[in-house]
Structures are given as C-alpha cells and as structure tokens.
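A short worksheet on the structure shown next.
The values are calculated or read from the model by the stated rules, or taken from the named source; none is laboratory data. Because the structure is a prediction, the values reported are computed rather than measured. All Cβ positions, even for glycine, are placed from backbone atoms using ideal geometry, and neighbour counts span all protein chains on display.
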Amino acid sequence: MKNSRRLLLLAVPGVAVLLLASGCTSASLARVHPWERTALADYTMNPGRDPLALAASEHVYFSRESASGGRGVNGSSCGCN
Amino acid sequence: MLAACATATRAEVKTGDPFPELAAAGLEGTVPVTEHQVVLVDFWASWCGPCKASFPAYARLHADFSPRGLVIVAISVDQDEAAFAAFVKRMAPPFPVVRDKDQQLVRQVMVPAMPTSFLVGRDGRVRSVHRGFHGAETDTVLREEIVRLLDEKPSSP
C-alpha cells in the first residue's frame with residue numbers, strides 16, 4: 001500500500017512533465033510556413049552578411065568558450081528550396 | 001492547442017487532388033480563364049531568390065507552349081504591395097501575375113516551399129507538384145509534363 005502510494009507520488013509529476021513537454025513541442029511553438037518568411041529572408045537576417053563582423057564575433061566566441069566553429073548553419077533563413 | 005493541431009494537420013494539395021478554383025480564391029488582379037486548360041500555377045514571393053530565377057524560365061515556357069493552350073498563373077504571396085509591384089516591374093513577366101494578398105489560397109494549398117508550382121490538367125486535378133525551382137532540371141521535367149498534358153485529348157463533358 002505504502003509502495004503504491006509512493007509510486008503514485010512519483011508518477012503524477014512525471015506525467016505532468018511529459019504533458020508539458022509535449023505541449024511545448026506541439027502547441028506553444030508555432031511553425032513558420034514557407035510563405036510567412038518575408039522577415040526571415042531579409043538580408044539583415046543573414047549572420048554572414050558582413051565577413052569582418054562575423055570573424056570578430058567568432059573570435060570573441062571561441063576566446064570565451066575555448067571552441068572554434070560548430071555554431072553556424074548553412075544558408076539563409078528564407079527556407080527557399 | 002486544438003487549433004494548433006488543426007493547423008498542423010491541414011493537408012497539402014498533392015498530385016491527384018483537385019486544385020482550388022482560382023476565380024473564387026479572392027486573388028488581386030485579373031485571373032485568366034483556366035477551366036478545361038492545362039495550367040501551371042506558381043506560388044512565388046519577391047523576397048525569394050529561386051522565384052526570381054524561375055521567372056525567365058516560365059517566360060520561355062509561356063512563349064513555347066501558350067500557343068498550344070498552356071496557361072501560366074504566377075501567384076504572389078507578398079503582403080508588401082510595393083515589393084510585389086517592384087518585382088513585377090523589374091521582371092516584366094509575359095504571363096498573368098496575381099497577388100494572394102491575404103495569403104488565403106496559399107494557406108489552403110499549404111505549399112511546402114517557396115516557390116512551388118502545380119501543374120494542373122484539363123480536368124482540374126493536380127498532375128505534378130514542383131517544390132522549389134532547380135533551374136534546368138525543373139525546366140526539363142516541366143517541359144516533358146506539359147507536352148504530355150497538352151497531347152492528352154480533352155475528356156468529353
């Protein structure tokens with residue numbers, strides 16, 4: 001009896017966490033559709049638009065984090081093709 | 001949450017599905033007559049690079065196949081009217097261009113990428129969907145499909 005109550009006490013928060021997590025992935029995060037990417041496709045959204053500024057930013061990043069590269073993604077944000 | 005799920009599960013228009021009637025889609029501009037025609041419907045935007053590359057190719061398709069009955073309709077999803085107008089002025093397409101200013105049709109069709117073109121047969125059903133524009137590759141495939149569709153005999157009413 002005591003064991004089953006303990007199990008219940010553990011299970012309820014677990015289920016709640018699972019529900020919250022699934023809510024985060026399906027409901028609270030809205031998908032940006034391809035036709036809604038006007039702002040994302042803007043030139044100013046491209047982090048690589050200024051190579052010098054990018055190099056400086058990378059330098060600061062790897063100086064602080066002791067790591068180089070590995071934080072960029074390819075392409076722009078417009079999602080074209 | 002239910003609304004979000006409903007949005008997420010809204011179906012894309014796929015090959016074999018009937019394409020929504022353009023005349024009833026609330027588009028801005030003059031929609032050409034598409035009934036019982038082979039129609040290439042292209043969804044584009046002024047901010048989309050591949051869309052820009054696709055226009056000269058569609059202009060060549062228009063020149064080659066419009067005498068045989070192909071209708072090309074380019075539907076802009078631009079909400080910025082000035083950007084739309086500037087793009088059209090610069091590209092000067094020889095085929096009809098309209099604007100889905102409220103993005104109603106594009107939501108209904110759920111295009112998977114920008115640009116996406118739908119080749120619609122005389123029966124009003126989608127015969128192929130071209131996701132993105134990949135230059136000569138897309139052009140070659142489109143030409144083959146257009147010729148095949150134009151060669152099909154119209155079904156008797």
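Worth a mention:
- Among (1) surrounded by 13 or more Cβ atoms within 10 Å (Cβ to Cβ); (2) out of contact with any Pro (no Cβ under 6 Å at 6 or more places or on another chain); (3) at pLDDT 95 or above; (4) among the aliphatic types (A, V, I, L, M) - the single one B:VAL73 does not satisfy: (2)
- Just one of the listed residues (B:ASP139, B:ASP123, B:ASP64) is acidic (Asp, Glu) and closer than 22 Å to B:ALA24 by Cα, namely B:ASP123.
- Among residues that are under 15 Å from the mean Cα position of the chain (by Cα) and touching a residue at least 40 places away in the same chain (Cβ under 8 Å), B:ARG131 is not included.
- Count of region B:33-49 residues, restricted to those that are part of a helix (DSSP H, G or I) and at pLDDT 95 or above, is 0.
- Taking residues in region B:135-152 that are on the phi > 0 side of the Ramachandran plot and buried (at least 17 other Cβ atoms within 10 Å of the Cβ), and partners anywhere that are part of a helix (DSSP H, G or I) and among the basic types (Lys, Arg), not one pair has Cβ atoms closer than 6 Å while being at least 6 places apart or on different chains.
- Filter result for the condition that a residue is at the interface with another protein chain (Cβ under 8 Å from one of its Cβ atoms) and either at negative phi or over 12 Å from the mean Cα position of the chain (by Cα) (or both), over B:MET114, B:MET91: B:MET114
- Of the residues screened, B:ASP78 is one that is part of a loop (DSSP other than H, G, I, E, B), crowded, with 19+ Cβ neighbours inside 10 Å and of a type in the set (Asp, Glu).
- Region B:38-70 - residue that is farther than 30 Å from A:MET45 by Cα and surrounded by fewer than 17 Cβ atoms within 10 Å (Cβ to Cβ) and, of those, farthest from the other protein chains (Cβ to nearest Cβ): B:PRO67
- B:PRO18 touching a Gly at 6+ places or on another chain (Cβ under 7 Å), surrounded by fewer than 16 Cβ atoms within 10 Å (Cβ to Cβ) and at pLDDT 95 or above: yes
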